[in-house]
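Everything below concerns the one structure shown next.
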Amino acid sequence: MSPAIAVTGASGRIGGRIARRLSTAGLTPRLLGRDPKRLPLIEGSALAPPAAYGDGEAMRRACDGARTLFLVSAREAPDRVSDHRTAVDAAVAAGVERIVYVSFLGAAPDATFTFARDHWHTEEHIRASGARHTFLRDSFYLSSLAQMAGADGVIRGPAGAGRVSAVAHDDIADAAVAVLLSDEHDGRTHDLTGPAALTLAEAAAELSRFAGREIVYQPETRDEAYASRAGYGAPSWELAGWVTSYEAVATGEMSAVSDAVPRLTGRPATSFGDFLRGAPEAYAHLLP
């Protein structure tokens, strides 16, 4: 196999978009995944041997011959950073020269959002690997912002009056492809955000306009947030991730608005209203 760009997460909402855009551009992306049966059928693409991030030998085989790796972060898990490190080391051992990693806005070792810390540790490992690299730090997804509202029409969480500059999957994909098709982004970090930062009350008002019913934001304390989510039976690390995602909004860590999307794509970033207008399925659970 000879495709120069290996794409992880091709069965997901980011990796799949990237693979399709690369194929449309005339490239032959190599699609990586744990289960080849779940990978999309994209004309002109190539399927790598199955590989999980934590399986170094399988990742090395899957990346063999590729020169660039588009690395989508693994699903949240206690050992996610370890799996990322294994995947990066295997890719470099296979001859990958450049890694474009989908990180997270405000990634830092002391980030309020616990999962954002994973991204910082992964970035540090990629820096130390010797590979050329670019980090795409995306904000929360606009689709996730819509899903924050429950079927009862209430967004609950300890976000206070903080703001979040949520971004569309399509904007991330277009920006990422611009990076992948250029050699001008080595060593750079791009914050990928929407065109504005909204409070959750403002997001609820926008959802109300499209859903045709009142959607409201109900602030919670930390204790209330843990209590309202206790019934899901999620492990403690996952609950902490859910709650601290709202707390990161409250602290202002999710409020930055970047010009990276228009600068990389040549068009404006998608607003929450425009996203909802084009994706009614995102708020279908709220329709009366």
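The values are calculated or read from the model by the stated rules, or taken from the named source; none is laboratory data. All figures in this text were calculated on a predicted structure; none of them were measured in a lab. Note that each Cβ is placed from the backbone with ideal geometry, even for glycine, and that neighbours are counted across all protein chains shown. Keep in mind that these areas ignore ligands, DNA and RNA; they rest on the heavy atoms of the full protein, side chains included. Shrake-Rupley method; radii C 1.70, N 1.55, O 1.52, S 1.80 Å.
So, with +1 on the Cβ of K and R and -1 on the Cβ of D and E, and no other charges, what is the size of the charge dipole of the chain about its Cα centre, to the nearest 20 debye?
680 debye
For the chain, what does -39500 (n - 2.57) per DSSP helix run (n ≥ 4), summed and divided by total residues, give at 222 nm, in deg cm²/dmol to the nearest 500?
-12000 deg cm²/dmol
Rounded to the nearest angstrom and ordered from largest down, what semi-axes does the equivalent ellipsoid of segment 17-164 get from its C-alpha gyration tensor (root of 5λ)?
Ellipsoid semi-axes (Å, largest first): 29, 20, 14.
Tell me the Kirkwood hydrodynamic radius of the chain in angstroms, computed as one over the mean inverse distance between distinct C-alpha pairs.
Radius from the Kirkwood sum: 19.5 Å.
Going out from 0 in 5 Å bins, what whole percent of all Cα-Cα distances in segment 159-288 drops into each bin?
Distribution as computed: 2, 10, 15, 16, 18, 17, 11, 6, 3, 1 percent.
One quarter of the convex hull surface, Cα atoms only: what value does that give for segment 179-218 in nm²?
Across all orientations, segment 179-218 yields a mean hull projection of 4.8 nm².
How large is the convex hull of the Cα atoms of segment 234-288 per residue, expressed in Å³ as a whole number?
Roughly 152 Å³ of hull volume per residue.
Give the Rg (one decimal place) followed by the Dmax (whole number) of segment 74-128, computed from C-alpha coordinates and expressed in Å.
Both quantities, over Cα of segment 74-128: 11.3, 36 Å.
Considering amide H positions built from the backbone, and no H for Pro or chain starts, which residues 5 or more places from Ile99, or on another chain, come under 5 Å of its amide H?
Amide H to amide H, under 5 Å and 5 or more residues apart or across chains, Ile99 pairs with Leu69, Arg132, His133, Thr134.
Taking all pairs of different Cα atoms in segment 24-94, averaging 1/r and flipping that mean, what Kirkwood radius in angstroms comes out?
Averaging 1/r across every pair of different Cα atoms and inverting gives 12.6 Å.
Which whole-percent values make up P(r) of segment 96-171 when all C-alpha to C-alpha distances are grouped in 5 Å steps starting at zero?
Values per bin, smallest distances first: 3, 14, 19, 20, 17, 12, 7, 4, 2, 1.
Given a 1.4 angstrom probe, I'd like the percentage of the accessible area of segment 143-288 that is carbon and sulfur, rounded to a whole number.
52 percent
Can you tell which of Glu123, Glu220, Glu43 shows the greatest fluctuation in a Gaussian network model of the chain with Cα springs below 10 Å?
In the Gaussian network model the winner is Glu43.
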